[in-house]
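Below: one structure, written as structure tokens.
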Amino acid sequence: MGFQPSYLKLLESGELKRRVETAYAHLEACDLCAWKCRVNRRAGQLGVCRTGEKAKISSYGPHFGEEAPLRGWRGSGTIFFTHCNLRCQYCQNYEISQTDAGVEVEPEELAEIMLRLQHLGCHNINLVSPSHVVAQILAAVLIAAQAGLRIPLVYNTGGYDSMESLQLLDGVVDIYMPDMKYADAEIAKRYSRIPNYPQINQAAVREMHRQVGDLQLDENGLATRGLLVRHLVLPNHLAGTEAIVRFLAQEISPHTYLNIMEQYYPTYRAHWYPEINRRITPEEYRQAVEAAHQAGLYRLDR
């Protein structure tokens, strides 16, 4: 028997429908990301994410710039959600994450997009910046699965996720792909304007790994299930790479699949901060990779 996505079991049992109902109830005092604004989004109130009852998307389509186990040869079916629950001052996609550009969609429309990406041959549905629209995603997955969606779901997140959301996603998401951006809370607050990031991020990654385990690949090298972590190297060692790779190796798994990213460049408001207003050096990147190896991590996507 071939691959079967996790959400089909919940669809068959009726649990997926119950998850949708529960998630929409959470919107009435929203705690679906780690900010826990407690606003009533169903009544039009807006919290930090600036998103009401409807999800807003900026674009979608096959993406060939993702990690090899996701992009394969037909691309990862990315859906970029407008807004983000982080405020990264150097965000390379700030037009999407920090502005209001995009189109509001009903769950039925979002489901149709998922099915369209599957029809195009994409290997998975890649939900980019999904933390604030978990309820809407669950509603769309229910509709799409009933209509024939059969490819893995990738939860591509900045890593500032609430336990409430992750519990709703348990058994729905096949592949978790969180960022681990910072090891230090004050640095996170300075550059991404978020409180308690390391504590919340580490708890989220633990829960994600509990749900799906280490990244599993099929005979073609495509990801089918598991955890894939991204870490962006920042100038002047500000991301705390050594502490993050040590956490992954010792407290998650030495088999963690980790993408150590070197593509940082100063954009958006990075010029406000002299210490990050430059690209990283080859030596800084080499040191980050060496730290991962020394910690015991060996599944590195570079």
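Values quoted throughout were computed directly from the atomic coordinates according to the rules given, and no laboratory measurement underlies them. Note that this is a predicted model, so its numbers are computed, not measured. As a convention, Cβ positions derive from the backbone with ideal geometry for all residues, glycine included, and neighbour counts pool all protein chains shown.
Remarks
- The chain - Cys residues lacking any other Cys C-beta under 4.7 Å: CYS30, CYS33, CYS37, CYS49, CYS84, CYS122
- With the convex hull drawn around the C-alpha atoms of region 1-100, the volume per residue stands at 137 Å³.
- In sequence order, calculated HN-Hα J values of region 138-154 (Karplus, 6.51, -1.76, 1.60; Hz; x Gly/Pro): 4, 4, 5, 4, 4, 5, 5, 5, 5, 9, x, 5, 9, 10, x, 9, 10
- With the helix formula -39500 (n - 2.57) applied to DSSP H stretches of n ≥ 4, the chain reaches a computed 222 nm mean residue ellipticity of -10000 deg cm²/dmol.
- Rounded to the nearest Hz, the phi-derived 3J(HN,Hα) couplings of region 176-187 under the Karplus curve 6.51 cos²θ - 1.76 cosθ + 1.60 (θ = phi - 60°) are 9, 10, x, 6, 10, 8, 9, 9, 10, 5, 5, 5, where x marks glycine and proline.
- Fraction of beta bridges assigned by DSSP in region 56-141 that are antiparallel (%, nearest 5): 65 percent
- Normalising the average separation of contacting C-alpha pairs (under 8 angstrom, six or more residues apart) by the number of residues puts the relative contact order of the chain at 16 percent.
- For the chain, the longest principal axis of the Cα atoms and the long axis of helix 282-295 meet at an angle of about 70 degrees.
- For TYR155, net neighbour charge (Lys/Arg +1, Asp/Glu -1) across residues whose Cβ lies under 9 Å away: -2
- Counting DSSP beta bridges with both ends in the chain, the antiparallel % (nearest 5): 30 percent
- Neighbours of GLU106, meaning other residues whose beta-carbon lies under 11 angstrom from its beta-carbon, give a summed charge of -4 when Lys and Arg score +1 and Asp and Glu score -1.
- Semi-axes of the equivalent ellipsoid for the chain, Cα gyration tensor, largest first, Å: 29, 23, 18
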